[in-house]
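Below is one structure, written out as C-alpha cells; the observations come after it.
What follows is calculated from the coordinates using simple rules that are stated; it is not laboratory data. Because the structure is a prediction, the values reported are computed rather than measured. Glycine gets a Cβ as well: all are built from the backbone with ideal geometry, and neighbour counts include every protein chain shown.
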Amino acid sequence: MYCHLTDPAIKNIAVLDMTHGGVIIARKLKELGFNVTGVDVYGTLSSEQCYALGIDGIWVAEKNCSIEEPDLIISPVHLHPDHIMLHLAEEKHVPVISHHRAVGEILTIKYESDHPLMIEVTGTKAKTSTASLLADMISRERIVVLHTSRGLELWEDGVCEVIHKGLSIAPGSILDAMDIAGSIGRKIDAYIFEISLGVTGYGNVGIITTLDMDYMIAGKTSVASEAKVRSLLNYSSKAHIILNENCRKALEQLDRSLGTENITTFCIMGNEESRTSDADHFLNMQKNSFSITTGKGYIELFPADGYDARSYITAFAASCVTALEIDVPLENIKNTIQQFRGLQGRMQEMIQEDISILDNSNSGMDIVSVEKALDLSLKRKQRVIMVLGEEAAQVCEGLPPQGVADLISRRLEDMDELILVGERMKPLATGNIHYAESLDVGRMYAMGIARKKRAYEVIVALCVKCFR
C-alpha cells in the first residue's frame, strides 16, 4: 500500500478540521518532523488552543483560509467538498487523504508493522456493544485495551478498569489512546477501537457491524456508508474483514478493489426466515437463546436475564463471529455471553428503590431505539414514565426535534408521563408534557413521579441521547 507520509517529497501538510481529532493528528505529524498547518474549518478553537498550538510550531489558519504550498492535505470524510482547500487540491493536484488514513499511516510509522492484535469496529449501530463484548471474550486469556464512547478501558480476565475518560471516537483519538495505554506499564496483547465513519487500516481485523439507518454527511453530499466502505480499502490484503451480510455495497466494492480472500460475512435471521444468503455465519435468535451456524458446525449460546438481549443481536453476531474467526476459545465466548448483563444505557433493565428502570440513554440512540424501548416497556404491562431528549452539548448529532414531535403525535397515549430533555425540546413541552434540563434532572423527576404510584405498576424508560 502506498503510504503518503513516507514519501520524502512530503514536507508541508495541511490538516483540515481541528475539532474532530485534527489537533491530535497535527501534533503527531509535528513530532514526526513535518511542517504542519491546521485549518480550523468550523471555527471552534479558542484563542488559548491556537496559542498552544503555535507554541508547538503549528500555525492555525482561519476556517476559510487558503494555504498555497501544501504537499499533502488531510481532510475528514465529513467535510463539505466545497471547502476552498479541497478546490485548491483539485486545481494543483495536491494529494488528499482522510483523517482515518492519516492515523493509520502515523501508527505504521510510529509502531511499524509489528504490533499486537488490533481490531477496528465501525458501523451505524452496535459498535460499542460489539467492541465491549469482544474485549471481554479476548481478555479471558489476554490483556486488552478497549476504547469506545464509554472511555478507555483495560480488560483482564473478563473484568474492566477505566483508565481514561474524555476521548472521542474520531480516528485521531486512537493516537492519544495508544499513548495513554503505553504509559500504564503493562504489556498489551490486543487493542480494540470503536471508530466513527470508518477504519484506519492499521488493524489486523476490521468490522462493519451494520450499515442500516444510513445518514448524510459532508453537507448532505454523500452518505456515511460510502465513507465506511471506502475506509476498508485502507487495509492490506492480509487484514481480516468481518461484515454484516447486508453490507452488499461493501462486498461489491471490496471484491473489485481490495483483492483479499479474508472477508467473513454474517447474517442475522428471523425465526421464520429461510436461509437464502451465502453468508459464512448465520445467527438466529430464539426466546431464551441464540444459535450460530457455520460451515464448521452449530453453536448455541444462552444470554442472561435482566436486559433486553434481543436488542443486542447485531453485537452478539459481530462479536461472536469475530471471536470465532480469530480463534478465541469457544468456552470464553460462551462464558462472556452468559455473564453479560447489558451495557449502561443500552436497553439495560434494573430495579432501584423498588422501581423498574429501562436505561436506553447513550450516544448512538435514535428514534427507532426509543420506540423499541417504549414497546419493550409496554410488554412488561407497566405504565411508562418516559424521559426523552438529548444532551446536545455532548454529542455531534443530536436527536432531531421533528422526530420527537412525530413520536409524540403517534405514541403519547402509550406513555403515562413524558419528560423532555434538552433546549431544543422545550417548544414541545406543552400541556401535560414536562421538561428537564438534563438526563440526571429528568431521571430524578421521573423517579419522583414513580414514587407516588404503585412501584409494580410503573417503569421509568430513560431515552436521552448523550455520552455516559
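Brief remarks on what is shown
- In region 348-465 the Cα-Cα distances spread across 5 Å bins starting at 0 as 2, 13, 26, 27, 20, 10, 3, 0 percent of all pairs.
- Relative to the dominant Cα principal axis of the chain, helix 22-31 is inclined by about 40°.
- A protection proxy built from the mean count of other Cβ atoms within 10 Å ranks the segments 374-380, 410-416, 361-367, 13-19, most packed first, as 13-19, 361-367, 374-380, 410-416.
- Between 188, 247, 369, the Cα set farthest toward the positive side of the dipole of the chain (charges on each charged residue's Cβ, about the Cα centre) is that of 369.
- Computed from backbone phi with θ = phi - 60° and the Karplus coefficients 6.51, -1.76 and 1.60, the 3J(HN,Hα) list for region 337-353 is 5, 5, 9, 5, 10, x, 9, 3, x, 10, 6, 8, 9, 7, 10, 9, 6 Hz; x is used for glycine and proline.
- Extension reserve of the residue 455-residue 187 stretch, reckoned as 0.36 nm per residue once the Cα distance is removed: 91.6 nm
- For the pair residue 334 and residue 288 in one chain, pulling the backbone fully straight at 0.36 nm per residue adds 15.1 nm over the alpha carbon distance.
- Cα→Cβ-extended label distance, 7 Å offset, between residue 161 and residue 90, nm: 5.2 nm
- Protection proxy ranking for 333-344, 32-43, 289-300, using the average of other Cβ atoms within 10 Å per residue and placing the highest first: 32-43, 333-344, 289-300.
- Distance from region 435-457 to region 1-52 (C-alpha centre basis), Å: 46 Å
- FRET E, pair residue 406, residue 305, Förster distance 30 Å, beta-carbon r, rounded to 0.05: 0.35
- By the rule of a C-alpha distance below 18 Å, with chain neighbours fewer than 8 residues away ignored, the aspartates and glutamates paired with residue 28 are 7, 17, 40, 56, 71, 105, 112, 176, 179.
- 222 nm mean residue ellipticity, helices alone, for the chain (DSSP H n ≥ 4; -39,500 (n - 2.57); rounded to 500): -9000 deg cm²/dmol
- Placing a pseudo-label 7 Å from each Cα along the Cα-to-Cβ vector at residue 63 and residue 180 gives an inter-label distance of 2.8 nm.
- For residue 71 and residue 221, the FRET efficiency from 1/(1 + (r/R0)^6), where r spans their Cβ atoms and R0 equals 30 Å, is about 0.70.
- Cross-linked pairs 63/465; 110/238; 127/334: Cα-Cα separations exceed 24 Å for 63/465.
- Beta bridge orientation in the chain: antiparallel %, DSSP, nearest 5: 30 percent
- Label-to-label distance, residue 46 versus residue 111, with points set 7 angstrom from Cα along the beta-carbon direction: 3.2 nm.
- In this calculation the C-beta distance from residue 298 to residue 381 is compared with R0 = 45 Å, giving a FRET efficiency of 0.80.
- With the highest mean first, a sort of the peptides 189-197, 429-437, 441-449 on other beta-carbon atoms found within 10 angstrom per residue produces 189-197, 441-449, 429-437.
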